[in-house]
Every structure is written in C-alpha cells, then in structure tokens.
1. Quick one: putting +1 on the C-beta of Lys and Arg, -1 on the C-beta of Asp and Glu, what dipole do you get for chain A around its Cα centre, in Debye to the nearest 20?
2. Per residue, how large is the accessible surface of segment B:26-125? Use a 1.4 angstrom probe and give square angstrom.
3. For the protein assembly as shown, what is the charge dipole size about the Cα centre, in debye to the nearest 20, if Lys and Arg each add +1 at the Cβ and Asp and Glu each add -1 at the Cβ?
4. So how do A:W36, B:W56 rank on accessible area, 1.4 Å probe, biggest first, that is with the largest at the start?
5. Just tell me which aspartates and glutamates come within less than 15 Å, Cα to Cα, of B:K58; anything on the same chain fewer than 8 places away is out.
6. From a point 7 Å beyond the Cα of A:R50 in the direction of its Cβ, which residues of segment B:73-100 have a backbone N at a distance under 14 Å?
7. Say the dipole of chain B comes from +1 at the beta carbon of Lys and Arg and -1 at that of Asp and Glu; which of B:L4, B:W36, B:F48 then lies farthest toward its positive end?
8. Rolling a 1.4 angstrom probe over the protein chains, ignoring ligands and nucleic acids, what is the accessible area of A:K69 in square angstrom, nearest 10?
Protein chains: 2
Amino acid sequence: MVELDFTKLDGLVPAVVQDAATGEVLMVAFMNPEAWERTLATGEAHYFSRSRNQLWHKGGTSGHVQKVKEIYIDCDNDTVLLKVEQVGGAACHTGMRSCFYRKLEGDKLVEVGERVFDPKEVYGK
Amino acid sequence: MVELDFTKLDGLVPAVVQDAATGEVLMVAFMNPEAWERTLATGEAHYFSRSRNQLWHKGGTSGHVQKVKEIYIDCDNDTVLLKVEQVGGAACHTGMRSCFYRKLEGDKLVEVGERVFDPKEVYGK
C-alpha cells in the first residue's frame, strides 16, 4: 500500500475531493491511516471526523456516498486528491453541491452554489 | 474582512489552489491570519510555510506567483479555495504543473503530470 506522511497534522492528511466529471472542488476532509485504508479497500471515501473523533464513512447514513474514481498523491506524500462520483449530487451537509458555495466579492460572502437537497428532508430535524 | 476559523488546526486553515482556467487542482497549502490578510491585500497568494515556520509569498523568489482570481470559503469557515493564474505555469517545486502529479494505479504510483520547468534551472542546485 502507498504510505502517506501522517506526521505533519497529528496523524491526519487533508483530502481534497473533486467531482470526477466536472472538476468542481466539493469539499476538504481529513484522513487518518484507518480512513485511508478503508477508502482503498472499499472504493468509497472514508474520512476521520474531527468533530466526532471517529471514522466517518461519508454518506454511510444518507446513502450519499462518494465513489472514488481516481486518487492522486501530492509531491510531499501528505495530501490526497480524490476524484469522485458524488451519489445524490451534494457533498455538503447543507444540501449544496459543494461546501465552497460562498464566493468572496469585495469584503462580502455571496452565495453562488447550487442547492441539491433540503437537509431537513435528508437528516431530519 | 471575512473571518475564518483558525482554531481547528492550531492557527492554520487549509487552502486548496485550483487553476482558474482549467479547474486543475494545483496544490494545497496552509494560511495563518497574516497569510490570509496578505493574500486579500495583495491579490497574490500567501501561505504559512510549516517547514520554515514563516510567511510564504508563493513565487516571491522565483517570480512564479499565483494571481488570485476568485476566493471561495467552505461551509465551516475553516477552508479556503483559491482560483488562481499560476505565473510560470507550474505550482510544484518539482517543476510539475500540479503537486498532484502522481496517480494511484492499483497499489502503485504512476507519474502522470506535466513538467513545466527544470527545478535546477529555477532554484539552482
């Protein structure tokens, strides 16, 4: 297995997630060694949830998994780039296609992204 | 100024850098508050170098700066997406266009990226 350098962020590496079809950057999450191994073994993106402090199978509850199509490693072995098919069309828990749905215009943030679902309908209240 | 959440990574936020013209992900770096402010003030990407432990004006020495065309902030205010024009054509210190020039094929890494310059000619020996 390809070894990543998990030493720089206390056992984590950032993972950039890009839509395999459009190139849109959907989100950034973090992987620990277990998340990396589970991603390679299953072909579905796994991360380490810093807020819940545990392995996170993205979409494991909602069904909105990320099917990994391609994996790239950066020059320092400390960052991963996943090109994925985002099942359900939205990577963000807000229901937006991408977590980067706000653009800086001058000194203001303007919502520019596309809403795919209503989070209340997917996650409940 | 838009406030980012620098608390989750000991004063840093990840910055994903994407080619504004092609959508290719070029690199991931980190910003501290000073790097964020300098990026906004100058329109050229500034990061915090974790290896040198100091502010890093990307391309400040080589001239291969990143002209920031668009800035997006993620849903949690803890990650930045820059769309840039990469002067010189290569973001990676190896001379490759992108730092993500190695693709995972099975359990092997295959070099797939495009080399733009010879690092020995740009940085010396």
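1. Charge dipole of chain A: 540 debye, to the nearest 20.
2. It amounts to 49 Å² per residue over segment B:26-125.
3. Around 20 debye, computed over the protein assembly as shown.
4. These residues rank, largest area first, as B:W56, A:W36.
5. The qualifying aspartates and glutamates are B:D19, B:E34, B:E37, B:E44, B:E85.
6. B:74-80
7. Comparing the listed Cα positions along the dipole, B:F48 ranks first.
8. Roll a 1.4 Å probe over it and A:K69 shows about 120 Å².
The values are calculated or read from the model by the stated rules, or taken from the named source; none is laboratory data. All values reported here derive from a predicted model rather than from experimental measurement. Positions of Cβ are backbone-derived with ideal geometry, glycine not excepted, and every protein chain shown enters the neighbour counts. The protein model used for the area step is the full one, side chains on, heavy atoms only, and it has no ligands, DNA or RNA in it. Shrake-Rupley method; radii C 1.70, N 1.55, O 1.52, S 1.80 Å.
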